[in-house]
């Protein structure tokens, strides 16, 4: 489903996003996030395809984790949910850079949800970035 987000009133936008959350429509929520990223993100319309692919992957991963726990938790300031997600990624054995990239994508989703008037707070504001304890020069050859 493709939505012209700019054509929707604030009320209709909120209803559309709440319906997507309730039904678990990950594609629509990814579309919302990318639209918001292109409209209000730091890079705006110049955001690279690489960044959009990474955010798409990250938002899908977060929603796959969070939606089965209850869509309402996504509309609350639930740092237990966000910290739990970061810890789950670490248990999967992902590298700190990948985890932080997924964290950024999930934060973009929450920015889009705030834009859609579905919530007001940012639960990732209290969720720390993962520290990489391996020195840069130990990761790659010179």
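The values are calculated or read from the model by the stated rules, or taken from the named source; none is laboratory data. Source: prediction; values computed, not measured. Virtual Cβ from ideal backbone geometry, glycine too; neighbours counted across all protein chains shown.
Just to be sure before I move on: is residue 107 within 25 Å of residue 11 (Cα to Cα), within 12 Å of the chain's Cα centre (by Cα) and modelled with pLDDT under 95 in the structure I sent?
yes
Give the residue, chosen from 94, 113, that is out of contact with any helix residue (DSSP H, G or I) (no Cβ under 7 Å at 6 or more places or on another chain) and either surrounded by 15 or more Cβ atoms within 10 Å (Cβ to Cβ) or over 19 Å from residue 19 (Cα atoms) (or both).
Every option except 94 fails the conditions.
Under 8 Å between Cβ atoms, at least 6 apart or on separate chains: pull out the pairs that start in region 26-40 with a residue that is without any contact (Cβ under 8 Å) to a residue 60 or more places away in the chain and end on any residue that is outside any helix (DSSP H, G or I) and surrounded by 15 or more Cβ atoms within 10 Å (Cβ to Cβ).
As it stands, the answer is 28/3; 31/3; 38/47, since those pairs meet every condition given.
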